[in-house]
Structures are given as C-alpha cells and as structure tokens.
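Step one of this worksheet: look at the structure below.
Computed from the coordinates by the stated procedures, all read-outs in this text should not be read as laboratory data. Here the structure is a predicted model, which means the values were calculated and not measured. For neighbour counting, all protein chains shown are included, and Cβ atoms are generated from backbone atoms with ideal geometry for every residue, glycine included.
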Amino acid sequence: MPLVLLFPILLALNLPIYGDIAYKSALLNPYDAETRTAFMARALLLSPYDHVLAAGMAVVEQQLAPTTAGLDSADSQRITALYQRAMSAQPLAPEPVAAYAEWLRQRSQYDLAAIPLAYQFFERTLALSPNDIGARNRLALHRWQNGDVEVAIDELEALLLVDPLYGPTYLNLAAIQHAQGDVLAAQATLETGAARVPWWPDLQQALEDYRR
C-alpha cells in the first residue's frame, strides 16, 4: 500500500496524542478563558474517549470557579458538562463518577440541590467499584454533613476493619467524633491510626495538634 494511503490511518491512530497536547495547552492558559476553552474543545474533539482528559479539565475548571458557585451557575454547568463527557466516554470507569460525586458533595454546602445528586453518584461509584475506600469515606462524610451521624460513624468504623492502613479513615472518624463532643474517642482514634500507619505524617501531625 502506498505510504500516502496510510497517512489518514496513521493520523487517526495519533489523534489521542494531539488531544493530550491540546489538553496540556489548556492547562498552560488557566487565566485566559477564551484560549483555554478553545484548547479544551480541540482536546475533546481529538480524544473523545479519554475520560481522564475530560475529568482533568473539570478539575481545572473547579479551581477557577468561585467557591460558593451553585449548580445553576455557568461555571458549575461547564464543570458538570465535562464530568458528563468523562463518564460517557468510559461508562465503566469509576474514577470520573467518584470525582463528580465528591465535587457535588462540596457543592452541597452552597446548593441543597447537590445533596441528592451526590448520594446518587456515590452509589453509582460503589456499584462500579465496591471496594473504593476513598469513595466510601467521602460518602460517610456526606452522610455526616447531612445529619446521618451514627450511620457515618458506623461506616467509617467498618472501613477500618476492611482496610486498617488507610489513613484518611482515621482522620475522618476522629473529626466526626470531635464534632460530636467525644474528645476521648477522637484522640483514641488518632492514636490508633498513628500507630497503625506510622509512615503517613498527616495522622501524627493531627495527633500532635490535638494534644496541644
């Protein structure tokens, strides 16, 4: 086959590479909205099935959006569209679903409409990846923030039995215990975590801060 006939095939095979270049170009222009949007559109066109790329763009948009933006704001709608694009690109990938659920959890502090949506996408994450300890931690935090304190504590304590070496579980459980006024339980949780996960400095630092 003549080389000239192979060119369209070779170009198609390399489109994801060009999409990645466009994505990185967007990252290099965080404060130039017009240029960033143009590069993002090009990246999505060239790499339509790259869920990591689309979700990564959503994170960039999150960093630039106002902290208190509600779901109906233009910034939030743009972020939602990127996460939806990531989830549709690879429907069985749990990562973009988990990231979207966590973003919704954070939005729920400013927009009550995000509360049920966060639950929905946390459950969807766990349907795809039942052993995602990080997602289960964040779901427990979401329950706590919405009044299901005992359920949140029970879930975090259960997670410590599943994976006693995952440091954030100790921090999250101690935070809830402290917020509920159970100071001794919170300190005991941090002490246990620091002993079991001595290589993770956040636990030791939290324990030292707690003792001051």
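Grouping the Cα pair distances of segment 146-212 into 10 Å bins from zero gives a pair-distance distribution of 23, 57, 20, 0 percent in increasing distance order.
Once you list every other residue whose beta carbon is under 11 Å from the beta carbon of THR68, what net charge do they have if Lys and Arg are +1 and Asp and Glu are -1?
-1
Once you order the gyration tensor axes a ≥ b ≥ c over the Cα atoms, which shape class does segment 93-161 get: rounded for a/c under 1.5, otherwise prolate or oblate by comparing a/b with b/c? Note, shape of segment 93-161 comes out oblate.
I want the local charge near PRO94. Using Cβ-Cβ distances under 11 Å, sum +1 for each Lys or Arg and -1 for each Asp or Glu among the other residues.
Combined, the nearby Lys, Arg, Asp and Glu give -1.
Counting only the Cα atoms, segment 60-130 fills a convex hull of 74 Å³ per residue. Charge dipole (Cα centre; +1 on Lys/Arg Cβ, -1 on Asp/Glu Cβ; no other charges) of segment 146-212 amounts to roughly 300 debye.
Comparing segment 84-212 with the 2.2 N^0.38 Å rule of thumb, its C-alpha radius of gyration ratio is 1.11 (two decimals).
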